[in-house]
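The values are calculated or read from the model by the stated rules, or taken from the named source; none is laboratory data. In this text the structure is predicted, and so the values were computed from the model without any measurement. Cβ coordinates were reconstructed from backbone atoms using ideal geometry, including for glycine residues, and neighbour counts include every protein chain displayed. Side chains are part of the model used for accessible areas, which takes the heavy atoms of the whole protein and leaves out ligands, DNA and RNA. Shrake-Rupley method; radii C 1.70, N 1.55, O 1.52, S 1.80 Å.
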Amino acid sequence: MKKIIPAIALAALVTSCTSNDSVQTDNTRVKDAPNAAVLLKVDLNTNTFEGGQNVELPGDAVLNLVPQYVSPGDIGSITLKTLQSNTTVFSGGIHWAGKGEISFPQTFLTATDFAVSNTEAPLPGVSDVDFITYGEMPEFVNATDYAPIWDAIDNLEVVKQSRQNHPGEKVHIMLYTPSVGVGDPAEWDWIVVLRK
């Protein structure tokens with residue numbers, strides 16, 4: 001009996017280690033995932049690229065994003081999920097008399113972590129942009145005036161590759177307002193999501 005238990009444990013260990021186990025669940029593997037999106041953050045006031053993150057999209061054939069908005073009585077939130085797999089791509093708190101925080105992705109790569117291209121990705125046409133709104137948007141938010149946002153990221157290699165590899169995919173743009181009521185636009189960011 002003592003020999004059978006170690007033999008069973010060894011057999012279980014050997015059969016659990018297959019070549020399909022190379023897929024990791026942390027972000028180190030997302031860069032190579034066939035279905036992934038890149039989320040980019042651009043400062044509202046300066047239109048400066050601040051950083052971004054890769055998000056794995058299990059099984060999503062097309063990147064269709066749906067906002068899930070909880071109005072801030074005191075504390076609310078905005079979450080972007082994919083239509084097909086209900087995968088969270090972005091989530092952030094919205095505070096009426098304070099400042100919410102981004103809860104997903106939990107970390108962002110810095111702007112210097114992104115490779116820059118010598119050429120710029122062309123500005124997408126209005127029909128190629130999905131301008132995501134939620135709640136009451138400030139009057140200055142204009143869905144057709146996204147050129148300054150695009151100018152902040154058009155030289156990134158990941159943007160150029162996305163537009164070349166997925167020309168039929170929409171560019172998703174959303175204004176994240178973590179502070180509302182007496183909100184401070186200096187705390188607000190544009191969130192741009194592209195198929196990677």
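Suppose each label sits 7 Å from its Cα in the direction of the beta carbon; what would the Glu187-Asn86 distance come out to in nanometres? So the label points at Glu187 and Asn86 sit 3.1 nm apart. Label point 7 Å out from Thr112 along Cα-to-Cβ: which residues of segment 181-196 have amide N under 13 Å? Output list for this probe position: empty. The packing ranking, built from the mean of other Cβ atoms within 10 Å per residue, places the peptides 92-104, 184-196 in the order 184-196, 92-104, highest first. Proximity of backbone amide H atoms, modeled 1.01 Å from N, is registered between Asp130 and Val171, His172, Ile173 at under 5 Å, excluding neighbours fewer than 5 places apart on the same chain.
Computed from the Cβ-Cβ distance with R0 of 25 Å, the FRET efficiency linking Asp74 to Thr46 stands at 0.30. Accessible area per residue for segment 33-115 is 47 Å², calculated with a 1.4 Å probe on protein heavy atoms, without ligands, DNA or RNA. Here the simple spin-label model places points 7 Å from the Cα toward Cβ, and for Val66 and Glu139 these points are separated by 3.4 nm.
When nucleic acids and ligands are ignored and a 1.4 Å probe is applied, Ser77 ends up with an accessible area of around 30 Å².
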